[in-house]
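To keep things clear, I will list the structure first and then write my remarks on it.
The values are calculated or read from the model by the stated rules, or taken from the named source; none is laboratory data. Quantities reported herein were computed from a predicted structural model and do not represent experimental measurements. Virtual Cβ from ideal backbone geometry, glycine too; neighbours counted across all protein chains shown.
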Amino acid sequence: MDMSNVKRITLPGPPRLPEAYQEVTYLRTNVDGYIETGYAFTEPELKVEFKYMKESVLTTNLFGVDTSDVVGGRFLHGNIYNNNFYCGNGGRGITIPEGEQRIGKIYEGSFELVGSEVDEQMAILKLNGGTQRSLNSALNYYPGCSMTDYVLAVRRDAAGLVGFQFIGRLYYIRYYDSTGAMVRHFIPCYRKADGVVGLYDLCGSIYTAHTLDVIFKA
């Protein structure tokens, strides 16, 4: 295992992971890995919580779908690319001072969609204590998507093409469905027996990792 890709953490209280796994502060990734979450945001309402740091370039994405090469819409739902955040088929500039994207800066926050109709759906971006709210017209409206999300990259089409792979540190990422139930809770870790680096899902779902070793399930 390349220990430069993880950072050990000491947490108060009992460990969150089984004895076979060691939780770490973050997982450091490059352009050669991504994660198939096995979960699709099929409804217009959703929430994603995250903590990350980009390295080298800002033109990468931590999670999502972007079918810009496919007829029928891009299905963006929280992608952060350069100093813009994207939803539906278009993007908006990040106006939160705390959210200005910079290389080497840690960002913690969430992206949430509330409402299921055009001109009623609200996109809410929170970064480092700041909040930006935008009403979604037809351009930015997210109707739901049947394609499963990728983490550490975006999914480009139904066949599973990958793009905009993340370069930096992932501290955690959590998915919530339209009812507010948490459906994915990814924790960076490594398996003690062989040092394999991955993510442990505290929600216990089954999914696939590509190149980035494995993801462990509860």
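So here's what we get for this one:
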item: Strands (runs of 3 or more DSSP E) lying entirely in the range 14-73 (those with 2 or more residues that are modelled with pLDDT under 90); result: 21-29, 34-36
item: Residue satisfying condition, being part of a strand (DSSP E or B), touching a strand residue (DSSP E or B) at 6+ places or on another chain (Cβ under 6 Å) and either small (Gly, Ala, Ser) or surrounded by fewer than 19 Cβ atoms within 10 Å (Cβ to Cβ) (or both), within set Glu98, Glu108; result: Glu108
item: The range 132-147 residues that are closer than 14 Å to Leu46 by Cβ, paired with ones that are surrounded by 13 or more Cβ atoms within 10 Å (Cβ to Cβ) and acidic (Asp, Glu) (beta carbon under 6 Å, 6 or more apart); result: Gly144/Glu43
item: Members of the range 129-142 found to be part of a loop (DSSP other than H, G, I, E, B) and surrounded by 15 or more Cβ atoms within 10 Å (Cβ to Cβ), listed by number; result: Asn136, Asn140, Tyr141, Tyr142
